[in-house]
Each structure stands twice: as structure tokens, then as C-alpha cells.
Amino acid sequence: MKRHSRNPLISRADIPRISPHLDDVSSVFNPGAVRWGDQIVLFLRVQNRGRETFLLPAFSRDGVNFNISTEPVRFLGIGRLPYRIYHIYDPRITRLGDTYYITVAIDMDDGCRIGLARTTDFREFEFMAEMLPEDARNAVIFPEKIDGMYIVLYRPNRSSLDGVSSGSEIRIAVSPDLVKWTPHETVMSGRFHYWDEFIGSGPPPLKTSKGWLHVYHGVATHFGASNIYQAGAVLLDLNHPERVIARSRYNILEPREPYELAGQVPNVVFPSGLIPSQPPRGDTLDDDAELFLYYGAADTCIGLATTTVRELLEACE
Ligand code: BMA
């Protein structure tokens, strides 16, 4: 991956002052990303000095210069969930037809749940469902149905990393209607002692002629030091996305720059948005399509890194 020369692309100073809660924010990171017509939309995770979380949409024509909304996202109907909600965060966005589906992590009293919302205009957001009745995060919906079913990758939270719930399995679930989801099987596991001991999906997978190209995050743990969050790539079978074809032995992006090494949580690159830099011609990306990866850096700011489909396929092989 090549870091963009404007990195860090978005940081706290770029967030408009929005009274009363976002007058002086602490951090902006882990954005969802999607193409919407001729625009690129990011959903920014913004934290204020109360360590409260807000989501702010941001719009761009070139993927580099963003116009950040002054209207934090409200999910209509989320109040029907039967528990107290603390934070809604780490959005991932998938387009299906003319509708944009947003998966989010929802912190509640006994852990985390995955929520699903939708929009067509990026102004009104309708909460649809709690996707799975288990503690989980990092849910990403595939951009098309496979065998007549909607598909999601998600990461059950089974272990603790310095008090943060984490996990070492990416699983797949299927649904006929996006609302009722049935867990299916494990797609991949963490590699004990290597760069991706703990894992979770990054952005939604992209369709290529070789398979579904998926960027995920891996965490290496270190006794007495901070954990290292990195990004890697995996290729999944087009018709059987629970099958791994190839997986990167090395990470493709790791904390190296000062804004990735130091901040609210040091040593973190957290990939959350991956889109072609130009509007694609069809459903399947060409090997030489350029890709923009948006990632959270040290839970403090946002970075942009570029690559091509070909380079990511090579990394998997
Ligand atoms: C993970 C999630 C992410 C965060 C990362 C690094 O467990 O909570 O939101 O960016 O840790 O702190």
C-alpha cells in the first residue's frame, strides 16, 4: 500500500464545530466508505471529550478532499432495541441496488451487537435490525446475493485483549431478507504467534475475476507492550465465499508513520473503507483498477492508502 501524500487525510481539526456536543472533538477514525453516484461518501467515527461517539457523513468527488456534514447521523427506530446503547461505531457500507446498507457495532451493557441500517439519500437513516443475537463486531455485507441469499462476514467476540473484547474467527451468516440471519460456518481463524493472531473483517469484499477480495485487520499481541493492529488481504471463492483461496502471509499495511504509532490507541491501522478510485464499469473490478483504502490511524485520525486489485491479489498469493 502507498500512503497518500496528504496523510493524515482527516483529523480532528477538520471536523466542523457542531454545538453542543462536537465543539472540540478528540478524534476521528475508522470510517465506512462507499461510492454514491459520482461521489465518495465516508462515515466518520467521531469522539468528543466525553468519549461519546457520533457518526458524521463526509462527501467528496476525488476521494481526497471531503466536505464534512454538520448533521450527525441518527438511526430512526433504533430506540426499539431493548437495551441501553452506549456507542454506535465502526460503520461499514455496502450498496445493493439503489440502497446503501450500513452495519455498525453497538456497545451495550453486556457486550456488543451488530446493527443494520439503510439509506438511499444519506440524509435519512432507517434502523432495520439487530443482525445476530450474540456478542460480535466487524460485520460486512457482500455487495450481491450469492445463491439467492444475502451474505455477511462477522467476528464473534470470544476473548479479551487488554480488557477489550476481541476474537480470532471470521464467520459467515446468510439471510433471505437482510433481517433474519443464520450463522453458517467459520471462514478463517487467527494465526497464533503471527501478525494476525486476532482478526476481524475490514471493508466489505470487492468482486474480482479471481474471487472476492477482502481486506481484514489482524492484531499481534506483545507481552508488556501495546498490541499492533495491521491490515492484510484474503481471497474468497466467488460462489462459495466461506472458502479461502489465498491469504496474505505478510500484512499489507502496518503502523509506521507517527500518526499511526502514537495517539489515543498507539500502533493501530484499522482498515474500514475500500473502494475503486474511479467508478467501475461493471460488477467485477479489473486487475488494474486502483483502490483507495481508508483506515483509522491510532484511533485518532484517518489515513488513505492506495493500491491496485493486482497488487492485492499478489499479496494474497
Ligand atoms: C478494536 C475496535 C476498533 C478499534 C481497535 C483499536 O477492538 O474497538 O474500533 O479501532 O480496537 O483500538
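Numerical summary
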{"read-out": "Cα-Cα pairs of segment 1-107 separated by more than 22 Å (percent)", "value": "34"}
{"read-out": "Under 29 Å from Lys180, Cα to Cα: lysines that are on another chain or at least 8 residues apart", "value": "Lys145, Lys207"}
{"read-out": "Extreme residue, positive dipole direction of the chain, given options Val164, Trp195, Leu238 (C-beta unit charges)", "value": "Val164"}
{"read-out": "Alpha carbon convex hull of segment 6-57, projected area averaged over orientations, nm²", "value": "4.0"}
{"read-out": "Inter-part distance where segment 88-145 and segment 279-296 are each reduced to a Cα centre, Å", "value": "22"}
{"read-out": "Value of D in µm² per second that Stokes-Einstein yields for the chain, Kirkwood Rh from Cα pairs, at 20 °C (1.002 mPa s)", "value": "111"}
{"read-out": "Quarter of Cα convex hull surface for segment 190-248, i.e. mean projection, nm²", "value": "4.0"}
{"read-out": "Contact order relative to length of segment 1-126, as percent, for alpha carbon pairs under 8 angstrom and 6 or more apart", "value": "17"}
{"read-out": "Rounded accessible area of Glu254 (nearest 10 Å², 1.4 Å probe)", "value": "60"}
{"read-out": "Value of relative contact order over segment 248-317, rounded to a whole percent, pairs C-alpha under 8 Å and six or more apart", "value": "34"}
{"read-out": "Cα gyration tensor category, rounded, prolate or oblate, for segment 234-317 with a/c compared to 1.5", "value": "prolate"}
{"read-out": "Only Lys, Arg (+1) and Asp, Glu (-1) charged, at Cβ; the chain dipole about Cα centre in debye", "value": "200"}
{"read-out": "Accessible surface of segment 24-113 [probe 1.4 Å, protein heavy atoms]: carbon and sulfur percent", "value": "44"}
{"read-out": "Sequence-separation-based contact order of the chain, relative, with Cα cut under 8 Å and 6+ spacing, percent", "value": "16"}
{"read-out": "Charge dipole magnitude, Cβ of K and R +1, D and E -1 - segment 31-153, Cα centre, debye nearest 20", "value": "260"}
{"read-out": "Percentage, to the nearest whole number, of Cα pairs in segment 75-139 over 13 Å apart", "value": "60"}
{"read-out": "Arg12, Arg92, Arg49, reordered so the largest accessible area comes first (probe 1.4 Å)", "value": "Arg49, Arg12, Arg92"}
{"read-out": "Ratio of Rg to Rh over segment 79-232 (Cα coordinates, Kirkwood Rh, two decimals)", "value": "0.97"}
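The values are calculated or read from the model by the stated rules, or taken from the named source; none is laboratory data. Keep in mind that what you see is a predicted model, and the values were worked out from it rather than measured. For neighbour counting, all protein chains shown are included, and Cβ atoms are generated from backbone atoms with ideal geometry for every residue, glycine included. What goes into the accessible areas is simple: the full protein's heavy atoms, side chains included, and nothing from ligands, DNA or RNA. Shrake-Rupley method; radii C 1.70, N 1.55, O 1.52, S 1.80 Å.
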